[in-house]
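Visitor: Below is the structure I would like to discuss, written out as structure tokens.
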Amino acid sequence: MKNKSLSFLILFFLFFINNTHSSEKEIYEKIDLFGEVLEKINKEYVDEINQSESMDYAIDGLLQSLDPYSSYMSPEIFNEMQTETSGEFGGLGIEVTMESGVVKVISPIDDTPASRAGIRAGDYIVKIDNKQVQGKSLSEAVDLMRGPVGSGIELTVRRRGEKKALTFYLVREIIEIKSVKADLIDENIGYIRLTSFNENSGNQIEKEIKKLEKNKDLKAYILDLRNNPGGLLSQAIKISDFFLDSGEIVSTKSRKVSENRKWFAKNGDLTNGKTLVVLINYGSASASEIVAGALKDHKRAILLGENSFGKGSVQSIIPLKNKGAIRLTVAKYYLPSGKSISEVGVSPDIEIDEDSDEFRIKTETDNQLNYAIKLLNG
């Protein structure tokens with residue numbers, strides 16, 4: 001097992017070091033050094049170690065040194081991930097990444113244990129059931145947050161602007177994501193809230209727009225992308241196209257020039273050019289930023305709220321021989337203007353801080369939504 005795992009990791013070292021244009025001598029020196037360190041750990045470390053797990057950590061560490069979104073999935077974790085993407089899964093309802101050795105919340109999902117408890121985008125989860133997250137991989141941390149439906153979990157969170165750590169107690173649930181909610185507000189404004197980009201999001205939004213368009217008094221739309229962590233690129237393109245008549249929506253650039261791609265809007269704006277306000281916040285990430293950025297660049301929408309998260313990269317899941325997989329960043333998104341979203345995000349045209357975590361139609365506390373309504377009503 002040791003030799004097999006070592007050979008596997010050496011392949012990763014070859015890939016990594018080759019791609020930094022190191023000399024052949026340096027490559028073999030690094031391989032020898034890794035073998036020496038592994039031998040010293042096996043002989044000298046105070047406790048006996050699980051060599052197989054140690055190799056997994058080494059692989060994951062290599063991938064996470066590239067960026068926060070690349071990671072290793074063991075066969076067990078890869079299998080669980082495939083189960084989760086089938087539609088319903090048990091959990092807390094948060095999209096997370098890794099930053100500075102701790103778990104960072106990209107966004108809580110509407111009407112889930114995390115959003116109801118008050119977890120916010122940008123929160124840092126430092127302890128899970130009183131276990132330190134520092135030093136653990138993202139996969140390990142996510143595994144700690146999983147558990148039987150109905151079981152409780154305690155999260156210790158560090159939040160921007162708060163001096164003391166916050167503690168949240170949540171109960172795991174079956175998470176069923178309903179990505180689209182729509183209604184008519186103030187009799188003449190179509191409000192569409194999109195919480196994620198899944199397989200049916202585009203079809204659901206198209207249906208809601210057609211329904212709203214039957215109202216002869218309809219004069220404008222609000223597209224709410226706050227706390228939307230993203231999802232399928234295909235759906236981001238499709239939904240952007242509903243509001244555009246022509247022009248580039250997004251492009252991707254990778255190391256291989258042959259794999260660079262551009263997507264364009266087709267003729268026909270489903271909303272017939274009606275005024276559009278898009279709500280974004282720090283929890284708007286990935287596919288949300290593609291839609292908001294494309295509509296802003298084409299001057300098709302007014303963006304209102306806060307700067308978005310800044311996740312502008314494409315990850316590919318690459319299966320491995322051991323039935324595990326790696327999640328690897330293979331390209332970056334670029335807006336029609338040529339700007340990258342990565343680590344920068346999309347800035348709003350009108351900056352309004354949010355005072356509430358509750359995103360429900362016309363709540364008294366939702367100052368961003370109320371500002372958008374006032375703006376559209378002149």
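Every read-out reported here was derived from the displayed coordinates using simple, explicitly stated rules and does not represent laboratory data. What you see is a predicted model, and the numbers here were worked out from it, not measured in a lab. Please note: Cβ atoms are built from the backbone with ideal geometry, for glycine as well, and neighbour counts cover all protein chains shown.
Visitor: So for the chain, Kirkwood radius off the Cα pairs, Stokes-Einstein at 4 °C and 1.567 mPa s: how many µm² s⁻¹?
Guide: Rounded, D is 58 µm²/s.
Visitor: Taking only C-alpha pairs under 8 Å that are 6+ residues apart, what is the relative contact order of segment 87-176 in percent?
Guide: Relative contact order for segment 87-176 comes out at 34 percent.
Visitor: A follow-up question, please. Rounded to two decimals, what is Rg over Rh for segment 180-376 when you use alpha-carbon atoms and the Kirkwood radius?
Guide: Radius of gyration over Kirkwood radius for segment 180-376 works out to 0.99.
Visitor: Give me the distance between the Cα centres of segment 315-334 and segment 49-82, rounded to whole Å.
Guide: Taking the Cα centre of segment 49-82 as reference, the centre of segment 315-334 is 12 Å away.
Visitor: Here is a further query. Rg/Rh for segment 87-176 to two decimals, with Rh computed the Kirkwood way over all alpha-carbon pairs.
Guide: With Rg and the Kirkwood Rh in hand, the quotient comes to 0.93.
Visitor: Further question: At 25 °C and a viscosity of 0.890 mPa s, what translational diffusion coefficient does Stokes-Einstein give for segment 157-287, taking Rh as the Kirkwood radius over Cα pairs? Give it in µm²/s as a whole number.
Guide: Once the numbers are plugged in, D ends up at 145 µm²/s.
Visitor: Between rounded, prolate and oblate, where does segment 254-333 land on the alpha carbon gyration tensor, with a ≥ b ≥ c its root eigenvalues, rounded for a/c under 1.5, else prolate if a/b exceeds b/c?
Guide: Prolate, since a/c reaches 1.5 and a/b exceeds b/c.
Visitor: Place +1 on the Cβ of every Lys and Arg and -1 on the Cβ of every Asp and Glu in the chain, take the dipole about the Cα centre, and give the residue among ASN79, ASN272, ILE189 whose Cα lies farthest towards its positive end.
Guide: It is ASN272, whose Cα lies furthest towards the positive end.
Visitor: Mean separation of Cα pairs under 8 Å and 6+ residues apart, divided by the residue count of the chain: what relative contact order is that in percent?
Guide: 13 percent
Visitor: Dipole size in debye (nearest 20) for the chain around its Cα centre, Lys and Arg Cβ +1, Asp and Glu Cβ -1?
Guide: Dipole about the Cα centre, nearest 20: 820 debye.
Visitor: Still on this model: Through the Karplus equation 6.51 cos²θ - 1.76 cosθ + 1.60, θ set to phi - 60°, convert the phi angles of segment 118-124 into ³J(HN,Hα) values in whole Hz; use x for Gly and Pro.
Guide: Rounded to whole hertz, the list is x, 5, 10, 4, x, 5, 10.
Visitor: Grab the Cα-Cα distance for LEU33 and LEU270, subtract it from 0.36 nm times how many residues apart they are, and report the gain in nm with one decimal.
Guide: Going from the current span to full extension adds 79.3 nm.
Visitor: Between ASN79 and GLU206, what length in nm is gained on full extension when 0.36 nm per residue of separation is reduced by their alpha carbon distance?
Guide: Gain on stretching ASN79 to GLU206: 42.4 nm.
Visitor: When the helices in the chain are scored as -39500 (n - 2.57) per DSSP H run of 4 or longer and the sum is shared across all residues, what 222 nm value do you end up with, to the nearest 500 deg cm²/dmol?
Guide: -9500 deg cm²/dmol
Visitor: Mind jotting down the distance between the C-alpha centroids of segment 202-255 and segment 119-195, whole Å?
Guide: First find each Cα centre; the distance between them is then 25 Å.
Visitor: Could you tell me the calculated FRET efficiency between ARG261 and LEU66, based on Cβ-Cβ distance and R0 = 25 angstrom, to the nearest 0.05?
Guide: 0.70
Visitor: Find the percent of Cα-Cα distances in segment 206-263 that exceed 19 Å, and round it to a whole number.
Guide: Summing the P(r) of segment 206-263 above 19 Å gives 49 percent of all pairs.
Visitor: Please state the relative contact order of segment 215-296 as a whole percent: Cα pairs under 8 Å, 6+ residues apart?
Guide: Normalised by residue count, the contact order of segment 215-296 is 46 percent.
Visitor: Could you tell me which of SER201, VAL257, LEU232 has its Cα farthest along the dipole of segment 184-326 towards the positive end, charges placed at Cβ (Lys, Arg +1; Asp, Glu -1), taken about the Cα centre?
Guide: Of SER201, VAL257, LEU232, it is VAL257.
Visitor: Less than 21 Å apart at the alpha-carbon level, and either on another chain or at least 8 residues along: which lysines does that give for LYS131?
Guide: In chain and number order, the partners are LYS104, LYS163, LYS164.
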